Amino acid sequence: MSITSLIRPLFMRRLRAIERLTADGEATQRRELRRLLRSGVATEYGSRYGFKTITTYDEFRRRVPLVRYEDIRSDVMRMVDGEKNVLWPGRVRNFAQSSGTSDGKSKYIPISRDSFNRCHYQGGFDTVALYLGENPKSRIFDGKAFILGGSFANELHSHATVGDLSANLIDNITPLVNLVRIPSKRIALMEEWEAKLPALVGASRHANVTNLSGVPSWFLSVLKELLRVEGCDSLHQVWPNLEVFFHGGINFRPYSEQYRSITDPDKMHYVDTYNASEGFFAAQYTSASEAMLLLLDLGIFFEFIPFGDCEHDNPEAVPIEDVVAGRTYELVITSCNGLWRYRPGDTVRIESTSPLTITVAGRTKHYINAFGEELMVYNADEAVARTCEQTGDAILNYTAAPVYATRTTKGRHQWLIEFARPPHDVERFADLLDQNLQQINSDYQAKRTGGIFIDRLSIIVARQGLFDDWLMQHGGKLGGQRKIPRLLNNRDIIDSMIELNPHKNIEK
């Protein structure tokens, strides 16, 4: 009998619980809110907003304000400095560092012990339960999990451990899990990518790897180097029992063709996860759909702001029972790490309400709407994927921004693309990408019709390694969860990247 078959009943019990709790999502979420408020009573934030006397969701919504990171930065930094009972009971010792605030400063997202155990690790367990439920013949635990993570920060904090979410998760994981995963903690937490890459290949090339977990773009670099070292064309020549890739962090669609080209499609499964620094929110529950099931009992209470209201001074958030399928919302969370009615900056599209499933639409600030086209990241990712399927090309990374009209020219979108396999005809690629965007986004199509408002997009081909180089020059770390925005409504990033690109003034 295989190890997986022995462990499987434990995951099936949890799967049945997920199905039961999802079927009565409103009640499940109200229980989570009550539990969170009981914990929050003992905090300074709870005293500030009278958690002790809040008995209903309407009271909670009325009394506790919606906040962004800038609104609670001072509270979080007190926690980093070792203060207790600020946003969450006790002292929080771990923080996930990420960039992207409006003032350019890093964010430090608290990871409490409750958040580790009730949310992040439980979310990983639930993802495996959902996968095993759909794949009864899986032997996932009969080999090793290859988990690719980031590293800790260079900054020293005497009272806290600061680094990538994945580094915090690897560092605090139960020792039993280390028996079924690679690489070692020492290699997993290495900071320098140039040394880490060969170490990862060396640690994995002779292992019986059955599953992968990580960010698709970074993992692709590791896998290609592994195939080069082994002299193989397919991962299944190296790991014949490989069966699933649990991925997250970015949309998988632009990378799907590249993964299919280095695996046996009949043996491989792909499972999308939504494990953000702020919490584990959702996981794909069926291969028939890219939608992810919102996990409702992991110490998070969810609210949603209609996308058109995001920029209002006092937007109204609604609970899960009031969302509408097909619409896009900004996500709001109250979670067991001390984030109360917090706006992470993510937008999601509601795919269905029973069960409640979502896809990630992008970031509230990562879109292009310079000409009324409202182009979202998920539109761009889908158009890139379709175009690559049509041309047989493959991309490593891209970013896009508007080029504004002048007295003699119309506006357009400008794309900077680093190709894995550059197209023979960049102009044909641009034509197809533009056509696919029009098919996917009716607002973009309306602005493109007849070339009256905006011209066809243009493409600059990025040199190999440009995106990595830009990240390193701007405080990023290779192999972690930091990434360059796909879309921005301004040219701040794309212009600084073009400066690093040869023939920067020539659009190919």
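The values are calculated or read from the model by the stated rules, or taken from the named source; none is laboratory data. It should be emphasised that the depicted structure is a prediction, and the values quoted were computed from it without experimental measurement. Every residue, glycine as well, gets a Cβ built from its backbone with ideal geometry; the counts of neighbours run over all protein chains shown. To get the accessible areas, we keep the full protein, side chains included, count just its heavy atoms, and leave off ligands, DNA and RNA. Shrake-Rupley method; radii C 1.70, N 1.55, O 1.52, S 1.80 Å.
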Single residue of the range 130-185 satisfying the filter (modelled with pLDDT of 90 or more, among the hydroxyl-bearing types (S, T, Y) and farther than 20 Å from K267 by Cβ) that is nearest to the chain's Cα centre (by Cα):
S166
Matching residues in the range 102-120 - criterion: being out of contact with any helix residue (DSSP H, G or I) (no Cβ under 6 Å at 6 or more places or on another chain) and at pLDDT below 95
S102, D103, G104, K105, S106
Would you point out the residue of the range 247-273, among those that are open to solvent by 20 Å² or more (accessible area, probe 1.4 Å) and under 18 Å from the mean Cα position of the chain (by Cα), that is nearest to S138 (Cα to Cα)?
Y270
When D233 is run through (1) crowded, with 20+ Cβ neighbours inside 10 Å; (2) touching a helix residue (DSSP H, G or I) at 6+ places or on another chain (Cβ under 8 Å), the failure sits at (1)
Open to solvent by 10 Å² or more (accessible area, probe 1.4 Å), closer than 23 Å to T328 by Cα and among the acidic types (D, E), is that true of E374?
yes
Identify, by number, the condition in (1) at pLDDT below 90; (2) over 19 Å from A462 (Cβ atoms) that V377 doesn't meet.
(2)
Which residues, taken from the range 152-170, are touching a Ser or Thr at 6+ places or on another chain (Cβ under 9 Å), more than 30 Å from T286 (Cα to Cα) and in contact (Cβ under 8 Å) with a residue 60 or more places away in the chain?
V162, G163
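Condition check ((1) touching a Lys or Arg at 6+ places or on another chain (Cβ under 6 Å); (2) of a type outside the set (D, E); (3) exposed (fewer than 15 other Cβ atoms within 10 Å of the Cβ)) across all residues:
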residue: V64; (1), (2), (3): yes, yes, no
residue: R73; (1), (2), (3): no, yes, no
residue: V86; (1), (2), (3): yes, yes, no
residue: S112; (1), (2), (3): no, yes, no
residue: G123; (1), (2), (3): no, yes, no
residue: P136; (1), (2), (3): no, yes, yes
residue: F152; (1), (2), (3): no, yes, no
residue: S158; (1), (2), (3): no, yes, yes
residue: N172; (1), (2), (3): no, yes, no
T22 vs (1) assigned to a helix (DSSP H, G or I); (2) open to solvent by 80 Å² or more (accessible area, probe 1.4 Å): all pass except (2)
Taking strands (runs of 3 or more DSSP E) that fall entirely within the range 385-465, which contain at least 1 residues that are of a type in the set (D, E), surrounded by 15 or more Cβ atoms within 10 Å (Cβ to Cβ) and within 27 Å of the chain's Cα centre (by Cα)?
412-421
Looking only at strands (runs of 3 or more DSSP E) that fall completely inside the range 283-359, which ones have 1 or more residues that are charged (D, E, K, R) and open to solvent by less than 10 Å² (accessible area, probe 1.4 Å)?
300-306, 328-335
Members of the range 469-487 found to be within 23 Å of L433 (Cβ to Cβ) and either modelled with pLDDT under 80 or touching a Phe, Trp or Tyr at 6+ places or on another chain (Cβ under 8 Å) (or both), listed by number
K483, I484, R486, L487
Run down V238, V209 and say which single residue is farther than 30 Å from T359 by Cβ and either buried (at least 18 other Cβ atoms within 10 Å of the Cβ) or modelled with pLDDT of 95 or more (or both).
V238
